[in-house]
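Following: one structure in structure tokens, then a few remarks.
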Amino acid sequence: MCEYKPLSTIALSHYLTIELTPMQDTFGRTVDYLRISVTEACNFRCIYCAPNGHSTPSGSPLSVEDIQRVVRAAVALGITKIRLTGGEPLLRRDIVKIVRAISSIDGVQDLALTTNAFLLGRLARELADAGLRRVNISLDTLQRDRFTHIVGVDAFDAVWAGIREAEAVGFAPLKINVVAMRGINDDEFTNFARLTLDHPWHVRFIELMPVGSTNVAQEFFDQHFISAAELIARLPELAKSDSPQGSGPARTYRLPEAQATIGFITPASEHFCNACNRLRVTAQGAICACLFGDRGEDMRGALCEGISEIKLQELLARAIDSKPEQHPFGDGFKITSVDAMSKIGG
Ligand code: SAM
Ligand code: SF4
């Protein structure tokens with residue numbers, strides 16, 4: 001049953017001539033990457049992601065069929081890389097079906113998933129069989145008690161088991177995402193870097209981003225932000241390196257003799273908007289042209305109405321056209337339009 005109003009008043013004529021592969025935005029950037037949030041729900045409450053806790057989802061997420069239609073339309077526009085995210089994507093009971101539905105589409109060259117790994121130990125094999133090839137796993141500390149403090153759940157062992165299983169089923173390159181936070185986990189920087197000596201796990205440090213509009217959220221950012229440059233300076237042995245597949249904006253280094261790389265993603269200290277190649281779709285079906293922008297066009301109503309594939313392509317094309325040149329900096333650099341990163345998909 002459709003819960004959303006149809007997009008009846010959209011002027012689509014401007015997009016009747018769609019340039020097929022690859023599509024560029026108005027600043028000449030090729031957009032070939034779609035991140036789809038498959039749920040707003042999450043079983044963790046990470047201190048940096050949902051500072052006010054997770055609010056109740058505003059409706060049911062897009063169905064498998066609708067996700068498949070969106071991906072088909074995106075592929076027709078030249079998008080070849082798809083990432084499933086959330087909330088926690090493995091909470092979707094039909095996540096294996098979603099993966100199968102997307103991996104079966106001709107033109108999808110890279111299908112990846114970002115997860116907290118709590119359920120990965122159980123699901124990795126089925127996901128691999130369904131066509132998933134790689135995962136990014138969030139892990140902000142190697143200390144059990146600290147883990148519980150950061151994510152709000154005593155789940156370190158389950159997550160570690162998930163990482164081991166991901167490696168066992170052959171997901172590669174396997175990446176560990178660490179949100180760097182001064183005074184919370186920056187003392188573990190060297191230990192995380194050393195993981196790459198013993199395991200083929202690419203470790204990537206993500207600069208903290210300010211999420212939410214409250215003073216508490218801003219204070220958290222002001223107190224705990226640490227730049228990638230400061231971290232890099234702490235480990236003089238790091239040497240510049242080529243990046244593993246799908247590294248996007250990461251700056252990549254390597255320790256001597258390491259099995260994997262160490263990357264830094266710097267949305268705050270050094271934006272990578274000039275290389276931004278992505279669109280996002282929220283769990284409710286809104287298209288987002290920029291992580292820091294307002295929610296865009298709602299596809300949900302159109303999907304309920306049985307929108308044709310060409311019109312779906314037009315909606316996506318319009319979103320690509322509306323990508324801003326860059327996100328605002330200084331005081332304006334803040335994700336205020338959502339109260340949790342889990343709502344937009346990180
Ligand atoms: N639940 C999954 C997970 O945690 O991997 C996927 C969704 S989560 C929103 C996607 C990514 O966003 C995670 O790597 C998480 O660490 C990152 N993230 C969330 N809030 C952030 C913040 N305030 N600053 C930087 N990264 C953040
Ligand atoms: Fe959940 Fe991921 Fe956000 Fe943590 S970062 S609260 S695991 S969505």
Q: Look through the stretch 115-137, keep the residues that are within 14 Å of ligand 1 (Cβ to nearest atom) and open to solvent by 20 Å² or more (accessible area, probe 1.4 Å), and return whichever of them is nearest to residue 263 (Cα to Cα).
A: 118
Q) Could we say that residue 219 is surrounded by fewer than 17 Cβ atoms within 10 Å (Cβ to Cβ), modelled with pLDDT under 95 and not in a loop (DSSP other than H, G, I, E, B) here? A) yes
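Restricted to the stretch 248-265, and to residues that are among the hydroxyl-bearing types (Ser, Thr, Tyr) and free of Cβ contacts under 8 Å to residues at least 40 places away in the same chain, which residue is surrounded by the most Cβ atoms within 10 Å (Cβ to Cβ)? Give the steps one after another, and end with the answer.
Let us first name the residues in the stretch 248-265 that are among the hydroxyl-bearing types (Ser, Thr, Tyr), namely 252-253, 261.
Right, trim to free of Cβ contacts under 8 Å to residues at least 40 places away in the same chain and you get 252-253.
Details: 252: 17, 253: 20.
Here the residue is 253.
Name the residue, out of 140, 145, 157, that is closer than 18 Å to residue 43 by Cα, within 15 Å of ligand 1 (Cβ to nearest atom) and either without any contact (Cβ under 8 Å) to a residue 24 or more places away in the chain or surrounded by 21 or more Cβ atoms within 10 Å (Cβ to Cβ) (or both).
140 is the lone residue from the list that is closer than 18 Å to residue 43 by Cα, within 15 Å of ligand 1 (Cβ to nearest atom) and either without any contact (Cβ under 8 Å) to a residue 24 or more places away in the chain or surrounded by 21 or more Cβ atoms within 10 Å (Cβ to Cβ) (or both).
Surrounded by 16 or more Cβ atoms within 10 Å (Cβ to Cβ), more than 16 Å from ligand 2 (Cβ to nearest atom), closer than 30 Å to residue 256 by Cβ and modelled with pLDDT of 95 or more, is that true of residue 189?
Values: surrounded by 16 or more Cβ atoms within 10 Å (Cβ to Cβ): yes; more than 16 Å from ligand 2 (Cβ to nearest atom): yes; closer than 30 Å to residue 256 by Cβ: yes; modelled with pLDDT of 95 or more: yes.
Answer is yes for this residue.
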Q. Can you name the number of the only condition in (1) away from ligand 1 (no atom under 11 Å from the Cβ); (2) polar (S, T, N, Q); (3) surrounded by 24 or more Cβ atoms within 10 Å (Cβ to Cβ) that residue 109 fails?
A. (3)
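Name every residue in the stretch 42-63 that is closer than 17 Å to residue 285 by Cα and either near ligand 2 (Cβ under 9 Å from one of its atoms) or surrounded by fewer than 17 Cβ atoms within 10 Å (Cβ to Cβ) (or both), in order of residue number. It would help to see each step written out before you state the result.
Kept after step one, since they are closer than 17 Å to residue 285 by Cα, are these residues of the stretch 42-63: 56-63.
Answer for the stretch 42-63, where residues must be closer than 17 Å to residue 285 by Cα and either near ligand 2 (Cβ under 9 Å from one of its atoms) or surrounded by fewer than 17 Cβ atoms within 10 Å (Cβ to Cβ) (or both): 56, 57, 58, 59, 60, 63.
The values are calculated or read from the model by the stated rules, or taken from the named source; none is laboratory data. As the structure is a prediction and not an experimental result, all values here were calculated from the model. Because the Cβ atoms are built from the backbone with ideal geometry, glycine has one as well, and the counts that use them run over all protein chains shown. These accessible areas exclude ligands, DNA and RNA; they are computed on the full protein's heavy atoms, side chains included. Shrake-Rupley method; radii C 1.70, N 1.55, O 1.52, S 1.80 Å.
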